[in-house]
1. Please give the net charge around A:LEU271, taking every other residue with its beta carbon less than 9 angstrom from that of A:LEU271, where Lys and Arg add +1 and Asp and Glu add -1.
2. Given 10 Å bins starting at zero, what is the percent of C-alpha pairs of chain A in each, up to the one with the largest pair distance?
3. Can you give the Rg to Rh ratio of segment A:136-196, both from alpha-carbon atoms, with Rh computed by the Kirkwood formula?
4. Please state, rounded to one decimal and in Å, the Kirkwood hydrodynamic radius that segment A:156-230 gives when every pair of distinct Cα atoms enters the mean of 1/r.
5. Give me, ordered by chain and number, the residues 5 or more places off A:ARG164 or on other chains with an amide H under 5 Å from its own placed amide H.
6. Treat the count of other C-beta atoms within 10 Å as a stand-in for reagent exposure and order A:LEU266, A:LEU190, A:LEU179 from fewest to most.
7. Per Stokes-Einstein, at 4 °C and 1.567 mPa s, what whole-number D in µm² s⁻¹ belongs to segment B:56-137, with the Kirkwood radius over Cα pairs as the hydrodynamic radius?
8. Find out how many positive minus negative residues lie around A:ALA194, taking Lys and Arg as positive, Asp and Glu as negative, among other residues whose Cβ is under 11 Å from that of A:ALA194.
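Every read-out reported here was derived from the displayed coordinates using simple, explicitly stated rules and does not represent laboratory data. Keep in mind it's a predicted model, so treat the numbers as computed, not measured. All Cβ positions, even for glycine, are placed from backbone atoms using ideal geometry, and neighbour counts span all protein chains on display.
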Amino acid sequence: MLKFKRVWWFLSLALLGLVLSACGRLPAVSYPGLVADGQTVYMANAQFVYAIDLNTGTEQWRYPQKAEGGRMFYAPPALAGDMLVVADYSLPGAVTGLSLSGQEMWRFNGATGHFIAAPVVTGDLILAANADYALYALSLDGSLRWKFATDGALWASPATDGQRAYLPSMDHKLYAVDLMTGKSVWTYDLGAAALFQPTLAEDGTLYITSLSNEVVALNSLDGSLKWKKAINARLWTQATLVDGKLYIGDMNGVAHILSATDGTELETIALEQDGSGVVGAPAVLQDGLVFALQKADSVRGGKLVKLSFADSRKVILFTMPEDGKFYNGPMAAADVLMIGIVNGKTPLIATNLNGNQIWSFQPAK
Amino acid sequence: MWNELVVPVFTNILLFIYNLIGGNLGVAILLFTLLVRVLTHPLMVSQIKGAQTMQKLQTDPRFKEIQEKYKDDREKLAAEQTRLMQEMGVNPLSSCLPTLIQLPIMIAFYQGMTAALASTPLQLFDLTRHLYPWLLQIESLIPLNSRFLWIADLGQPERLHLSFLPFPIPVLTILVVVTTYLQSKLMTPPTSSSNPRDPSAMTANMMNLYMPLLMGWFAYSLSAGLAVYFVFTNLIGIAQYALLGRLNWSNLMPKKKEAGNSPSVEATQKKAEMTSSKPDKKPGKPSKSGRSGK
């Protein structure tokens, strides 16, 4: 009897431990990372990377086929021709090359931190920014070309023009790194951690946001400041450049339209006035932008709001029921709008361009 | 309500301390833990006192007599127990109420600290939302300096890599297990019963054995900042008990086996009577529980 009680106690506490530690780790770590081609959307979410049919929302394959211990994926995968590059959130961070049918081709195990940012493919180089403070440049076979160390965790992907990588870091700096040598060309002190990928214009201007809630425009050639503009609200997004205008949504639910030339505020439009805030970059459509808005704290649900280029008219395209939250912007591919959901019944929903839901993805058990 | 109002208070205080001391999250966690334990110290004292009076009550021969006498009549048993409690001036809430008040404080503290570590994108997003802008500036706060002693990042599980060992050592996990075990052993009051079949003693033994393992598992799998908190709060708990003179060092010593290797309830009863502070038991009147134990 005593032995039975001891075993019962041990099992109960072990179960409690497992449940509580699982509660603290698996959900709500990051948001689903998405990338799409014309037919398939690839989603990194929790223990798997899924290939999902863009038209039907059905699962084509998943990587790995079975959950592997604590392995997790959140960084949006990157497409490199007929290869998909995925990066582990779990430790130690790995970068893996997959065929488009989900077969592992190679794996790089040299990083020691989380991969939060999407890998970027430029020419024959894969740029993978890791939270271990380093940017890893890999060949398309997964071999390491060079490694560039910064003084802070890297949570954002670099922008690149094919010659340099423009790398934002949590150490408050933006680094320009030569892609041939892996050496720093210039650095710029942003005064706050940068969490989102910079936007690089054709004329060589870099636009970057940071936790100081400023939009900064830099000359990519030498890192000199062109202009900076303070936004009087929190930003959880990068700047989106369309036809010489920068679009930035803030956490008060306001869209700011700035001149890309000098940062002058051209227009401010309240997308929503119920306490919702803009999260992530908007999806760019032909006739407008679609912003994702997260409802205020403790309230689940979210909205997709479209802002038209022609007359700055706003339309609520889609309202998500009180289930899960948006933490990142939507993505558009082949007339389908997709958005990842955190802690919802489904991690991904897709609508047509009018906001009518066409499918929701439910991973098979 | 809880996550939006209560937890952010703790997060902001912790990060305010972090700012105040020049940006060391490990030291801030230690100071904040100390602050919370000092503030809740009066509650702990009243909890100990309450537990002590409850223990006195349970070892009182009259209490046992009542239990035995009215074991088939629950209503009468409750009424008699209440009468005895009133007679002895025991408040049944005095031991559990302080615990109930402390519990949400500790939970909020724990959650506030987790939120402050902001080691994941979602945690950082929530942190930026919950910081009081009049108290803290996010741009100067992030990234947090989460290096502490040998720990590279308090937001990650801790492992010590030594060059001469092929595997990492979870030092904090070991410290959590040891300090939790010590704390639970040292704080367990001396039981009136040495009978291993006594349910309360058995529960205490089980908890003393398995709770350190459970806490160790948390320390192993969750962030190092939480493990630092576990270790320090255990040490403060031991220090608080030491200050109050309540540490029970005898629990760490190996127990002498009773004669016959199986202590009878009668022996237990005798021991309880000896430790009872109310020696008002009438002589020559054997207790019923003593007889029924045979």
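1. +1
2. Answer for chain A: a P(r) of 5, 24, 32, 26, 9, 3, 1, 0 percent.
3. Expressed as Rg/Rh, it is 0.97.
4. Computed over segment A:156-230, the radius equals 11.9 Å.
5. For A:ARG164, whose amide H was placed from the backbone, the distant partners under 5 Å are A:LEU179.
6. A:LEU266, A:LEU179, A:LEU190
7. 76 µm²/s
8. Within the 11 Å Cβ shell, the charges total -3.
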